[in-house]
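The structure appears right after this line, and notes come after that.
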Amino acid sequence: MYEGVVQDLVDELGRLPGIGPKSAQRIAFYLLDSDPVDVRRLAEVLIEVKEKVRFCATCGNVAEADTCRICADPRRDPAVLCVVEESKDVVAIERTREFRGRYHVLGGAISPIEGVGPDDLRIKELMQRLADGTITEIILATDPNLEGEATATYLTRMLKPLGLRVTRLASGLPVGGDLEYADEVTLGRAFEGRRAVDD
């Protein structure tokens, strides 16, 4: 559609998740109109991220050292482990300021359609972390979709025989939502997870 390097830029931007052809084109022209200093800074940050960022040897979260800041924090509760699919899930949970334990990032979810099985996830590393007996509770915080549910079910079957307390994040109606727009699964979960109203 465009000539040479401009089309290359649009094509590369279009490979990013959530960026369609129109968005890729819009971003490409934004970059063309931007100050060269800003574009250079963006390019340098992209290169620096690829050079410096790695995955924590303990939990699999993104880190700039061998161990991420959460695993290195002695104030975190070592007995409670929250299992998530991706590093971005750690960020979402940390924003709540409700969880004070540690994490384990699986690196995805079981998805037969996409050819992702249990062996493709960091489940073996999870089992190794449980070997010393420090962890007493596992919170399964996988996404509330088909893949996340399959992953949680698989992990529950593996973890229950170990005598650990295995819990799953509650799910249900979003704050500010309307009942008429809730799907059957969400509404069913809201009924299952109902709790007593305090006076």
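Distance between the 7 Å Cα→Cβ label points at Asn145 and Met1: 2.5 nm. Scalar couplings 3J(HN,Hα) for region 42-50, obtained by applying the Karplus form with A = 6.51, B = -1.76, C = 1.60 to θ = phi - 60°, are 4, 4, 5, 5, 4, 5, 5, 4, 5 Hz; x denotes Gly and Pro. Rg/Rh for the chain (Cα atoms only, Rh after Kirkwood) is 1.05.
Among Ile70, Ile138, the ranking by other beta carbons within 10 Å of each residue's beta carbon, starting with the fewest, stands as Ile70, Ile138. Under the simplified labelling scheme, the Val39-Arg194 pair shows an inter-label distance of 6.0 nm, with each label point 7 Å from Cα along Cα→Cβ. Mean residue ellipticity, 222 nm, helices only, the chain: the sum of -39500 (n - 2.57) across DSSP H runs of n ≥ 4, divided by residue count and rounded to 500, is -13000 deg cm²/dmol. Once backbone amide H atoms are built at 1.01 Å from N, His104 has Cys82, Val83, Val84 as its partners under 5 Å, excluding neighbours fewer than 5 places away on the same chain. In order along region 16-21, the Karplus-derived 3J(HN,Hα) couplings, from 6.51 cos²θ - 1.76 cosθ + 1.60 at θ = phi - 60°, round to 6, x, x, 10, x, x Hz, and Gly and Pro are given as x.
Set the Förster radius R0 to 35 Å, insert the Cβ-Cβ distance between Asp178 and Glu94 as r into 1/(1 + (r/R0)^6), and round the FRET efficiency to 0.05. The calculated FRET efficiency here is 0.75.
Beta bridges per DSSP, both residues in the chain: antiparallel share near 20 percent. If the chain linking Val185 and Thr136 were pulled fully straight, counting 0.36 nm for each residue of separation and taking away their Cα-Cα distance, it would gain 14.7 nm. Our coupling estimate for region 78-87, obtained by passing each phi through the Karplus curve with A = 6.51, B = -1.76, C = 1.60 and θ = phi - 60°, is x, 8, 10, 10, 9, 9, 10, 7, 9, 4 Hz, Gly and Pro reported as x. Multiplying the residue separation of Asp11 and Lys160 by 0.36 nm and subtracting their alpha-carbon distance yields 48.9 nm.
Once the C-beta distance of Asp73 and Val49 is scaled by a Förster radius of 30 Å, the resulting FRET efficiency is 0.85 to the nearest 0.05.
Values in this text are rule-based calculations from the coordinates and carry no lab data. As the structure is a computational prediction, the values presented were derived from the model and not from experiment. In this analysis, Cβ positions are derived from the backbone assuming ideal geometry, glycine residues included, and neighbour counts consider all displayed protein chains.
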